[in-house]
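The values are calculated or read from the model by the stated rules, or taken from the named source; none is laboratory data. All values reported here derive from a predicted model rather than from experimental measurement. Counting neighbours? That spans all protein chains shown, and the Cβs are built from the backbone with ideal geometry, glycine included.
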Amino acid sequence: MKSKKIFFENLYKSNILITNKFKKRYLDFIKSGNYILSGNVKKFEKNFSNYIGTRYCAGVGNGLDALTISLKSLNLPIGSEVIVASNVYVACVIAIFNANLKPVLVDPDILTYNLNPNEIEKNISKKTKAILAVHLYGKPCDMKSLNNICKNYKLFLIEDCAQSHGASFENKITGSFGDFGCFSFYPTKNLGALGDGGAINCNNKFFDTKVRKLRNYGSIKRYHNEILGYNSRLDEIQAAFLDVKLKHLEKINNHKINLAQIYDQNLNNKFIKPVKQKNIKDVYYIYNIRHPERNRLKKFLKKNLIDVDIHYPTPLYRQPCFRDFFKNRFPISEEIHDTTLSLPISVAHKKSDILKVIKILNSF
């Protein structure tokens, strides 16, 4: 009998229950005739702000725009410095450049892969105005330390929560700590849409108003454009789908947490597994392992019909678009990028799928 392939992600299977429940909302949307920044967006913004624990939420076109618009809302002097980990996704640094600011890269913590507070303080200068904290793979950063640093040095704090929907640090959900919580609803996320989408959460009315202007041509009143803005509005269809899916987010997260526990308990210790921390709820957008022979391991898994991915194979500072901006190398980032491997852990996977992956991994 031919062995069944274990997929890395199957969005149809992951979303089938939600899409069935979404059908009525979709038909209601079509009948409404209101297709831009209307009832579905407003309803989702309210429900998502309540879920995260912030006063405000503004839906935007995607996660990159969420970061860019948040940074632009701060109205910082051109060239102000923003500290960010050197192993994050390229969008974080693109957003900083798009806001006419300067990214300052620092090596992450080798255990958590997130910002290392000690490295932050070493790199603070007179031009430093903000910290961009990326909750990588669904693991919250050390928000207590980051909040203390921002308070001591009078810095803004932006959270990139693209991978951490529902993750928490000391029982407080990511996206509610900083001046802004920036979200992506890219389809593979734990709270994923049927296309692109994003949101900006905050507790400051002035910032929320600024965000709403920037996302809509600099306007909150029709044909009255106060500032130079963007066209970055969360789509009504995506908002309707996300609002239905939001009710299932805890179930989705708990399913992935349970699969992660199976990996933790059964995977051989020759693989470096995600570190577990007290008072931190990791929602495992990615279950990553590390191994010194990652590339050979990936080929071995492919040969055995196990689909995996790498987040991320190339450090952002080595990307061609940044060749003129970054000269330094970051040894901890290099080690992470050279050894990390992302294993199947979607809501569509069953315990039997994960046990099969583990059996093959342990035989490597």
Candidate set from the stretch 135-146 (those that are free of Cβ contacts under 8 Å to residues at least 40 places away in the same chain and crowded, with 16+ Cβ neighbours inside 10 Å); member that is nearest to residue 309 (Cα to Cα): 135
Could you count how many residues in the stretch 284-333 are among the aromatic types (Phe, Trp, Tyr) and closer than 22 Å to residue 111 by Cβ? 6
Counting only residues in the stretch 92-105 that are without any contact (Cβ under 8 Å) to a residue 60 or more places away in the chain, touching a strand residue (DSSP E or B) at 6+ places or on another chain (Cβ under 7 Å) and among the aliphatic types (A, V, I, L, M), the one nearest to residue 200 (Cα to Cα) is identified as 96
Which of the residues that make up the stretch 305-361 are loosely packed, with under 13 Cβ neighbours inside 10 Å and among the β-branched types (Val, Ile, Thr)? 314
Is there a residue being of a type outside the set (Gly, Ala, Ser) and at pLDDT below 95 anywhere in the stretch 333-347? no
Give the residue, chosen from 217, 263, 223, that is at pLDDT 95 or above, more than 18 Å from residue 14 (Cβ to Cβ) and out of contact with any helix residue (DSSP H, G or I) (no Cβ under 9 Å at 6 or more places or on another chain). 217
When residue 285 is run through (1) surrounded by fewer than 20 Cβ atoms within 10 Å (Cβ to Cβ); (2) in contact with a helix residue (DSSP H, G or I) (Cβ under 6 Å, 6 or more places away or on another chain); (3) in a loop (DSSP other than H, G, I, E, B), the failure sits at (1)
Here the residues within the stretch 196-223 that are under 21 Å from the mean Cα position of the chain (by Cα) and not in a helix (DSSP H, G or I) are 196, 197, 198, 199, 200, 201, 202, 203
Residue satisfying condition, being under 18 Å from residue 351 (Cα atoms) and either assigned by TED's automatic domain parsing to the domain that holds residue 349 or of a type in the set (Asp, Glu) (or both), within set 281, 256, 270, 276: 256
Contact list please: Cβ distance under 8 Å, first residue in the stretch 302-320 and closer than 23 Å to residue 274 by Cα, second residue surrounded by fewer than 15 Cβ atoms within 10 Å (Cβ to Cβ), pairs at least six apart or on different chains. 306/5; 307/5; 308/302
One residue is enough: does the stretch 32-39 have a residue meeting the conditions buried (at least 18 other Cβ atoms within 10 Å of the Cβ), of a type in the set (S, T, N, Q) and either assigned by TED's automatic domain parsing to the domain that holds residue 314 or at pLDDT 95 or above (or both)? no
Report, by residue number, each residue of the stretch 143-195 that is part of a helix (DSSP H, G or I), in contact with a helix residue (DSSP H, G or I) (Cβ under 8 Å, 6 or more places away or on another chain) and of a type in the set (A, V, I, L, M, F, W, C). 146, 149
Just one of 233, 215 is in contact with a Leu (Cβ under 6 Å, 6 or more places away or on another chain) and in contact (Cβ under 8 Å) with a residue 40 or more places away in the chain; which is it? 233
In the stretch 71-123, the residues that are farther than 29 Å from residue 214 by Cα and among the aliphatic types (A, V, I, L, M): 106, 110, 111, 120
Residues of the stretch 227-280 satisfying the condition of being among the small types (Gly, Ala, Ser) and out of contact with any Asp or Glu (no Cβ under 7 Å at 6 or more places or on another chain): 229, 239, 240, 260
Which ones in the stretch 83-134 are on the phi > 0 side of the Ramachandran plot and either surrounded by fewer than 24 Cβ atoms within 10 Å (Cβ to Cβ) or among the charged types (D, E, K, R) (or both)? 100
Among the listed residues 5, 23, identify the single one that is outside the structural domain of residue 202 (by TED's automatic domain parsing), among the charged types (D, E, K, R) and more than 24 Å from the chain's Cα centre (by Cα). 5
